[in-house]
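First up is the structure itself, then whatever we jot down about it.
The values are calculated or read from the model by the stated rules, or taken from the named source; none is laboratory data. Just so we're clear, the structure is a prediction, and the values are computed from it rather than from any experiment. Please note: Cβ atoms are built from the backbone with ideal geometry, for glycine as well, and neighbour counts cover all protein chains shown. The area values use the complete protein model at the heavy-atom level, side chains included, leaving out ligands, DNA and RNA. Shrake-Rupley method; radii C 1.70, N 1.55, O 1.52, S 1.80 Å.
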Amino acid sequence: MRFLGIDLAWKGGASGYCCLQWQAQHLEIVCVDRSRDTDELLAWIDRDAPFSQAAMVAVDAPLIIPNLRGMRTCDRQSHQLLGRYHAGCYPANQQSPFAQHTTGFSQALRQRGFHHAPTITPQERGRFQIEVFPHATAIALFQLDQIIQYKKGRLAERIRELARLRDLMTAHLRHCEPPLMLQIEAGMPTTGRDLKALEDQLDAILCAYTAAYWWYWGRDRHWVLGSESFSPEPAATDAYIKTGYIVVPRP
């Protein structure tokens, strides 16, 4: 089984990419990179997860946007659930300038046999896609009181915060189940452009790990945001497909 993490550029352009492989009861990194554009990103997916390969793709972007205006149910629930951590998804609707691109990317995955998996039997083989939120994964797995502020602020502050994220990922993911041993260079970029490239790749690793965590544990260790009556009990798959959904690890 392989797990692909995509930190998708919502309006096109460079995207973070990671491919993990489940083998001998642990996860191994196959590839971490940053694509120039969506065509290159899809080519990498075809290379690392051809039709014969069981895989799950986890994307940090709104994949299903049914609402004409306002925000999706899952976006609203993310603020309700994660607001105390200073986290919450950027609202999406069909008028959003990125809507056609992100939903089109989901459709491209469907054409490759990746079906939405807002519900899953743990460790079921198949080809799946899910929407994820890396900030929520970091909060849950690293037991944070609030999000790591590596996306905004002065360059020096962003460098410090991104180094903190890198160190937490290296220290904690090896002790999670399933385990992932990370070896990331200790040095940090010193320019905004290079820092953004590293940020995209670290987010992609978190996306790929979220896919593996969802596949491994299923509902036992996750919330799935999106059904109109959010509760610990899962809704039917069709209900999530109707509203859009986000898979979020539980703290």
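Selection of segment 119-171 for residues being open to solvent by 70 Å² or more (accessible area, probe 1.4 Å) and under 23 Å from Ile246 (Cβ atoms) yields Thr121, Gln123, Glu124, Gln143, Asp145, Gln146, Gln149, Lys151, Lys152. Failed condition for Gly88, given (1) modelled with pLDDT of 95 or more; (2) under 26 Å from Ala140 (Cβ atoms); (3) of a type outside the set (Ser, Thr, Tyr), with all others met? Single failed check for Gly88: (1). When segment 172-190 is limited to residues that are over 20 Å from Cys207 (Cα atoms) and either of a type in the set (Phe, Trp, Tyr) or open to solvent by 60 Å² or more (accessible area, probe 1.4 Å) (or both), the one that is modelled with the highest pLDDT turns out to be Thr190.
For every residue, the table says whether it meets (1) over 21 Å from Val248 (Cβ atoms); (2) among the charged types (D, E, K, R).
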| residue | (1), (2) |
| --- | --- |
| Gln149 | no, no |
| Gly153 | yes, no |
| Arg158 | yes, yes |
| Ala171 | yes, no |
| Gly187 | yes, no |
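In segment 9-55, the qualifying residues are those that are in contact (Cβ under 8 Å) with a residue 60 or more places away in the chain and part of a helix (DSSP H, G or I), and the one that is surrounded by the fewest Cβ atoms within 10 Å (Cβ to Cβ) is Asp46. In segment 56-69, of all residues being touching a Gly at 6+ places or on another chain (Cβ under 9 Å) and in a loop (DSSP other than H, G, I, E, B), the one that is nearest to Trp215 (Cα to Cα) corresponds to Asp60. Do the conditions hold for Ile139, that is, is it outside any helix (DSSP H, G or I), of a type in the set (Val, Ile, Thr) and under 17 Å from the mean Cα position of the chain (by Cα)? Answer is no for this residue.
When the criteria are applied in full, Leu109 fails the requirement of being touching a residue at least 40 places away in the same chain (Cβ under 8 Å), closer than 17 Å to Thr243 by Cβ and in a helix (DSSP H, G or I). When you look at Ala186, is it small (Gly, Ala, Ser) and assigned to a helix (DSSP H, G or I), yes or no? Judged against the criteria, Ala186 is not a match. Residues in segment 22-48 that are over 29 Å from Arg193 (Cα atoms) and either touching a strand residue (DSSP E or B) at 6+ places or on another chain (Cβ under 9 Å) or hydrophobic (A, V, I, L, M, F, W, C) (or both): Trp22, Ala24, His26, Leu27.
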